[in-house]
Amino acid sequence: MRVHVVGSSGSFAGPESAASSYLLEHEDADGRLWRVLMDLGSGAFGPLQKLVDPADLDAVIISHLHPDHYLDLTGLEVFWAYHERTDLGQLPIHGPAPLAERLAAVLSREGQIPDGVDCSPFEYHVLSDRRCFSIGPFEIETRAVTHPVEAYGFRIAAGGATLAYSGDTDACDALDELALGADLFLCEAGYIEGRDDRFTGVHLTGRRAGQAAARARVGHLALTHIPAWTDPEVPLAEARAVHDGPITVVRPMDILHVTP
Ligand SMILES: [Zn+2]
Ligand SMILES: [Zn+2]
């Protein structure tokens with residue numbers, strides 16, 4: 001399984017990166033390449049097009065309905081609804097229940113059908129806690145995590161390797177369960193110790209991400225969702241102080257290979 005980092009900036013798009021978005025790729029046993037997009041936050045639809053023709057996406061999974069994780073679905077919807085290809089069908093979108101309504105509101109529209117077309121370009125699937133489903137060779141498990149809105153982390157297996165994605169969360173048992181023994185733990189570190197101590201139940205610090213990685217004994221910890229106003233070296237050092245395994249900070253256009 002490969003993870004292409006489309007955007008990794010925390011909470012808002014930064015000067016060097018769009019907000020959260022990751023393109024997952026894996027070939028099935030017949031050699032067919034499957035592409036699943038995980039989150040599509042503010043600013044991410046532009047750089048996504050450097051990596052893939054969006055018409056080749058198989059599905060999208062959205063962790064939660066903060067703009068830095070779903071807002072650029074507005075661009076993908078326009079792309080899909082009005083594309084010159086007429087064989088695209090509906091694109092499956094897995095996300096929290098209010099997603100369709102929220103997207104319509106952002107697009108100043110009632111209902112799911114854009115002007116001038118016959119049906120919704122998206123086929124919505126509602127996520128809930130501990131849901132397991134497959135998209136091609138990807139086996140996906142959801143866990144509700146700790147954030148001010150309904151939010152999910154994902155545990156995704158393909159080809160014998162496991163990716164755990166925190167979404168946005170503070171430390172919680174569900175995060176530890178998601179990450180348990182994962183080959184790659186793509187984990188947010190939106191906060192840093194000291195500066196952000198007044199907030200609880202929102203984001204991890206580098207230290208809390210490192211502690212979760214240590215408890216779960218992950219293969220590789222990849223820190224993400226670091227906002228533009230934070231020096232990435234700070235959460236990286238926090239994580240290294242509490243976790244001995246390999247740790248990196250992801251950047252846009254990185255390719256992470258998830259292997260057992
Ligand atoms: Zn976020
Ligand atoms: Zn959030």
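Bear in mind these aren't lab numbers, they're just calculated from the coordinates by the rules spelled out. Computed from a prediction, not measured in an experiment: that's the story for all the values here. So basically every Cβ, Gly included, is an ideal-geometry build from the backbone, and we count neighbours across all protein chains shown.
Some observations on this one:
- Once the Cα atoms are used to define both axes, helix 233-242 deviates from the longest principal axis of the chain by about 60 degrees.
- Using θ = phi - 60° in the Karplus curve 6.51 cos²θ - 1.76 cosθ + 1.60, the 3J(HN,Hα) couplings for region 65-81 round to 9, 8, x, 6, 10, 9, 4, 7, 4, 4, x, 5, 5, 4, 4, 6, 5 Hz; x is entered for Gly and Pro.
- The H on the amide N of Val6, modeled in the peptide plane, is under 5 Å from the matching H of Ser21, Tyr22, Leu23, Met253, each at least 5 residues off or on a different chain.
- Listed residue (Gly167, Gln211, Ser63) projecting farthest to the positive dipole end of the chain, Cβ model: Gln211
- GNM result for the chain, Cα springs below 10 Å: residue of Leu73, Leu180, Leu107 fluctuating most strongly: Leu107
- Using alpha-carbon coordinates, inclination of helix 206-216 to the longest axis of the chain, degrees: 90 degrees
- Cβ charges +1 (Lys, Arg) and -1 (Asp, Glu), total dipole of region 106-260, debye: 360 debye
- Evaluated with a Cβ-only charge set (Lys, Arg +1; Asp, Glu -1), the chain carries a dipole of roughly 500 debye about its Cα centre, given to the nearest 20.
- Amide H contacts of Leu204 (H built 1.01 Å from N, under 5 Å, at least 5 apart or other chain): Thr169, Gly190, Tyr191
- Positive dipole terminus of the chain, leading residue within Ala241, Met253, Val52 (C-beta point charges): Ala241
- GNM flexibility winner over the chain from Ser63, Ser128, Ser166 (Cα, springs under 10 Å): Ser128
- Around the amide H of Ile226, modelled in the peptide plane, lie the amide H atoms of Gly10, Ala189, all under 5 Å away and 5 or more residues distant in sequence or on another chain.
- Only one residue of Ala19, Ala104, Ser120 has its Cα farthest out toward the positive end of the dipole of region 2-257, where Lys and Arg carry +1 and Asp and Glu -1 on Cβ, and that residue is Ala19.
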